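Colleague: Starting off with a structure, shown below.
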Amino acid sequence: MPPIAWVSISILWFGVGEFSKIFIIAIGTFVPCLLNSYNGIRLIEEELYDVIRVLGGNRKDEIIQVSFPASFPAIFAGLQISLSVAWTCLLAAELMNARDGMGFLIKRGMDTHQPALVLGGMVLIATMAWLNSLLISFIECRLCPWKHGINNL
C-alpha cells in the first residue's frame, strides 16, 4: 500500500501534528530499507562464507566480515530510495493539514496565488533532498571504498 494512502488514517489516529508526519514517513521508508537490506544479504555469494569458514571463522566473523560489508551497497541503495520516499511523504503529509513546514508554505502560496512562494518552497525542498543524498553518498563512499573504485573503472 502506498504510504500516501496512510495520510487520512494517520490524521484520524494521531491528529494534525508532528507524530502523524513521523508515522507516515516511517511507513514509507521502512519497506524500501527492509527489502534492499534483505536482498543485499540474500545475494551474497556463498563462497565468501566458505572462505571465512576455511580460515577458522565462526558465525560472528561471517556476519561482521562478510554479511555487513557485502550488503552495505544494497543497504545504501535502500537508504537513497527511502530518502526520496521520505521527502514525498513529508510533503504530502504537510499539504493535507499542517500548520507549519514546507508543505504548509507551498499550500499557502497556492491558496494566496503566490507562485514565488510555491517555487521557493519547491527549490528549498529539492536542495535539502539533494544535500541529504550527497551526505548518504559520502557516507557510502567512506564505508564502501571498493564500490567507489569499481564505479570509476
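The values are calculated or read from the model by the stated rules, or taken from the named source; none is laboratory data. Note that the structure is a prediction, hence the values are computed from the model and not measured. Virtual Cβ from ideal backbone geometry, glycine too; neighbours counted across all protein chains shown.
Colleague: Checking the structure you have, find out if any residue of segment 103-126 is closer than 23 Å to Gly17 by Cα, assigned to a helix (DSSP H, G or I) and touching a residue at least 40 places away in the same chain (Cβ under 8 Å).
Modeller: Scanning segment 103-126 turns up no residue that is closer than 23 Å to Gly17 by Cα, assigned to a helix (DSSP H, G or I) and touching a residue at least 40 places away in the same chain (Cβ under 8 Å).
Colleague: I'd like the full set of residues that are in contact with a helix residue (DSSP H, G or I) (Cβ under 8 Å, 6 or more places away or on another chain) and modelled with pLDDT under 85, limited to segment 101-145.
Modeller: Gly101, Met102, Gly103, Phe104, Cys144
Colleague: Every residue in segment 12-31 that is small (Gly, Ala, Ser), over 14 Å from the mean Cα position of the chain (by Cα) and surrounded by 13 or more Cβ atoms within 10 Å (Cβ to Cβ), please.
Modeller: Gly17, Ser20
Colleague: Tell me which residues, restricted to segment 51-67, are of a type in the set (Ser, Thr, Tyr) and in a loop (DSSP other than H, G, I, E, B).
Modeller: none
Colleague: Might you let me know whether segment 44-59 holds any residue that is among the β-branched types (Val, Ile, Thr) and within 20 Å of Ile22 (Cα to Cα)?
Modeller: Within segment 44-59, none of the residues are among the β-branched types (Val, Ile, Thr) and within 20 Å of Ile22 (Cα to Cα).
Colleague: Let me ask something additional. Restricting to segment 76-102, what's the tally of residues that are over 22 Å from the mean Cα position of the chain (by Cα) and assigned to a helix (DSSP H, G or I)?
Modeller: 1
Colleague: Touching a residue at least 12 places away in the same chain (Cβ under 8 Å), basic (Lys, Arg) and farther than 22 Å from Trp6 by Cβ: which single residue out of Lys147, Lys60 fits that description?
Modeller: Checking each option against the conditions leaves just Lys147.
Colleague: Being out of contact with any helix residue (DSSP H, G or I) (no Cβ under 8 Å at 6 or more places or on another chain) and either modelled with pLDDT under 90 or among the hydrophobic types (A, V, I, L, M, F, W, C) (or both) is the requirement here; does Ile25 meet it?
Modeller: no
Colleague: Might you check whether a residue that is closer than 20 Å to Thr127 by Cβ and buried (at least 19 other Cβ atoms within 10 Å of the Cβ) occurs anywhere in segment 32-51?
Modeller: no
Colleague: Give Leu48, Leu134 a once-over and let me know the one that is in a helix (DSSP H, G or I) and more than 24 Å from the chain's Cα centre (by Cα).
Modeller: Result: Leu48 is the single residue among Leu48, Leu134 that is in a helix (DSSP H, G or I) and more than 24 Å from the chain's Cα centre (by Cα).
Colleague: Suppose the filter is modelled with pLDDT of 90 or more and on the phi < 0 side of the Ramachandran plot; does Lys60 pass it?
Modeller: Criteria met by Lys60.
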